[in-house]
Amino acid sequence: MAKAAALSLFLLLLSFISGGPLKMVNGEKTWCVAKPSSDQATLLANINYACSQVDCRVLQRGCPCFSPDNLMNHASIAMNLYYQSRGRNHWNCYFQNSAVIVMTDPSYGSCTYA
(Lines give C-alpha, C1' and ligand atoms only; values in the text may rest on other atoms or scores of the structure.)
Protein backbone atom coordinates (compact mmCIF):
# COMPACT_ATOMS: atom_id res chain seq x y z
CA MET A 1 0.00 0.00 0.00
CA ALA A 2 2.82 2.40 0.86
CA LYS A 3 4.52 1.64 -2.46
CA ALA A 4 1.35 2.49 -4.40
CA ALA A 5 0.95 5.77 -2.52
CA ALA A 6 4.60 6.67 -3.11
CA LEU A 7 4.28 5.84 -6.83
CA SER A 8 1.13 7.97 -7.13
CA LEU A 9 2.83 10.89 -5.42
CA PHE A 10 5.89 10.49 -7.66
CA LEU A 11 3.76 10.51 -10.83
CA LEU A 12 1.85 13.55 -9.65
CA LEU A 13 5.05 15.44 -8.91
CA LEU A 14 6.56 14.34 -12.21
CA SER A 15 3.56 15.67 -14.12
CA PHE A 16 4.00 19.12 -12.58
CA ILE A 17 7.79 19.17 -12.97
CA SER A 18 7.45 18.26 -16.64
CA GLY A 19 5.52 21.44 -17.45
CA GLY A 20 2.12 20.95 -15.93
CA PRO A 21 -0.55 18.31 -15.59
CA LEU A 22 -0.52 15.54 -18.15
CA LYS A 23 -2.67 16.64 -21.06
CA MET A 24 -2.82 13.64 -23.35
CA VAL A 25 -3.78 10.02 -23.18
CA ASN A 26 -1.20 7.89 -24.94
CA GLY A 27 0.05 10.99 -26.78
CA GLU A 28 -3.40 11.83 -28.15
CA LYS A 29 -5.46 14.94 -27.55
CA THR A 30 -8.65 14.40 -25.58
CA TRP A 31 -12.05 16.09 -25.35
CA CYS A 32 -14.80 16.05 -22.75
CA VAL A 33 -18.39 15.48 -23.88
CA ALA A 34 -21.72 14.76 -22.22
CA LYS A 35 -22.73 11.14 -21.76
CA PRO A 36 -25.72 10.29 -23.95
CA SER A 37 -27.48 8.91 -20.86
CA SER A 38 -27.40 12.29 -19.07
CA ASP A 39 -30.76 13.78 -18.16
CA GLN A 40 -31.86 17.26 -19.25
CA ALA A 41 -31.60 18.80 -15.76
CA THR A 42 -28.01 17.62 -15.38
CA LEU A 43 -27.06 18.88 -18.83
CA LEU A 44 -28.54 22.30 -18.04
CA ALA A 45 -26.69 22.42 -14.70
CA ASN A 46 -23.46 21.51 -16.51
CA ILE A 47 -23.97 24.31 -19.05
CA ASN A 48 -24.69 26.82 -16.29
CA TYR A 49 -21.64 25.78 -14.27
CA ALA A 50 -19.18 25.55 -17.17
CA CYS A 51 -20.33 28.83 -18.70
CA SER A 52 -19.97 30.59 -15.34
CA GLN A 53 -16.29 29.61 -15.49
CA VAL A 54 -15.41 29.96 -19.20
CA ASP A 55 -16.46 31.98 -22.23
CA CYS A 56 -19.33 30.15 -23.95
CA ARG A 57 -20.10 32.71 -26.65
CA VAL A 58 -19.63 30.05 -29.35
CA LEU A 59 -23.01 28.69 -28.19
CA GLN A 60 -24.93 31.88 -28.93
CA ARG A 61 -27.42 32.04 -31.79
CA GLY A 62 -25.54 32.78 -35.03
CA CYS A 63 -22.24 31.41 -33.72
CA PRO A 64 -20.55 28.28 -35.13
CA CYS A 65 -21.60 25.89 -32.34
CA PHE A 66 -25.20 27.03 -31.76
CA SER A 67 -26.64 24.39 -34.08
CA PRO A 68 -27.91 21.84 -33.35
CA ASP A 69 -29.76 23.79 -30.68
CA ASN A 70 -30.17 21.15 -28.00
CA LEU A 71 -28.91 20.55 -24.47
CA MET A 72 -26.72 17.57 -25.37
CA ASN A 73 -24.79 19.56 -27.96
CA HIS A 74 -24.51 22.74 -25.90
CA ALA A 75 -23.52 20.84 -22.74
CA SER A 76 -20.82 18.91 -24.59
CA ILE A 77 -19.30 22.10 -25.96
CA ALA A 78 -19.49 23.96 -22.63
CA MET A 79 -18.09 21.00 -20.70
CA ASN A 80 -15.23 20.64 -23.18
CA LEU A 81 -14.42 24.36 -22.99
CA TYR A 82 -14.18 23.98 -19.20
CA TYR A 83 -12.12 20.77 -19.45
CA GLN A 84 -9.67 22.28 -21.95
CA SER A 85 -9.29 25.51 -19.93
CA ARG A 86 -8.49 23.58 -16.76
CA GLY A 87 -5.68 21.51 -18.27
CA ARG A 88 -7.51 18.41 -19.54
CA ASN A 89 -7.38 16.61 -16.20
CA HIS A 90 -9.80 13.70 -15.84
CA TRP A 91 -11.31 15.31 -12.74
CA ASN A 92 -12.25 18.35 -14.84
CA CYS A 93 -14.49 16.09 -16.94
CA TYR A 94 -16.52 14.51 -14.18
CA PHE A 95 -19.62 16.74 -13.99
CA GLN A 96 -21.35 14.45 -11.49
CA ASN A 97 -20.53 11.43 -13.65
CA SER A 98 -22.39 12.88 -16.64
CA ALA A 99 -19.34 13.31 -18.90
CA VAL A 100 -16.88 11.12 -20.72
CA ILE A 101 -13.41 11.77 -22.13
CA VAL A 102 -13.09 10.89 -25.81
CA MET A 103 -10.08 10.59 -28.11
CA THR A 104 -11.99 11.32 -31.32
CA ASP A 105 -12.38 15.00 -32.20
CA PRO A 106 -16.11 15.83 -31.85
CA SER A 107 -15.80 18.97 -34.03
CA TYR A 108 -18.38 19.27 -36.81
CA GLY A 109 -18.95 21.72 -39.66
CA SER A 110 -17.55 25.08 -38.57
CA CYS A 111 -17.83 24.20 -34.88
CA THR A 112 -14.34 23.39 -33.67
CA TYR A 113 -13.92 21.87 -30.24
CA ALA A 114 -10.90 23.56 -28.65
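The values are calculated or read from the model by the stated rules, or taken from the named source; none is laboratory data. Since the model is a prediction, treat every value here as computed from it, not as a measurement. Note that each Cβ is placed from the backbone with ideal geometry, even for glycine, and that neighbours are counted across all protein chains shown. Heavy atoms of the whole protein, side chains included, go into the accessibility calculation; ligands, DNA and RNA do not. Shrake-Rupley method; radii C 1.70, N 1.55, O 1.52, S 1.80 Å.
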If I compute solvent accessible area with a 1.4 Å probe over the protein chains, what percent of it on segment 27-114 is carbon and sulfur? 54
For Val54, what residues show an amide H to amide H distance below 5 Å, using hydrogens built from the backbone and excluding near sequence neighbours? none
Amide H within-cut-off set for Tyr108, under 5 Å, with H built and near neighbours excluded: Tyr113
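With a 10 Å radius around each residue's Cβ, average the other Cβ atoms per peptide and rank 38-51, 79-92, 58-71, highest first. If you can, show how the numbers build up before the last one.
Details: 38-51: 16.9, 79-92: 19.1, 58-71: 13.4.
In decreasing order of mean packing, 38-51, 79-92, 58-71 become 79-92, 38-51, 58-71.
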Taking amide H positions as placed 1.01 Å from N in the peptide plane, with prolines and chain starts having none, which residues 5 or more places from Lys35, or on another chain, fall under 5 Å of its amide H? Ala99, Val100
Cα→Cβ-extended label distance, 7 Å offset, between Asp105 and Lys29, nm: 0.6
Could you list, bin by bin from short to long, the percent of Cα-Cα pairs of segment 49-114 in 10 Å steps? 21, 58, 21, 0
Integer Hz, Karplus 6.51/-1.76/1.60 couplings in order for segment 75-83, x for Gly and Pro: 5, 4, 5, 4, 5, 5, 4, 5, 4
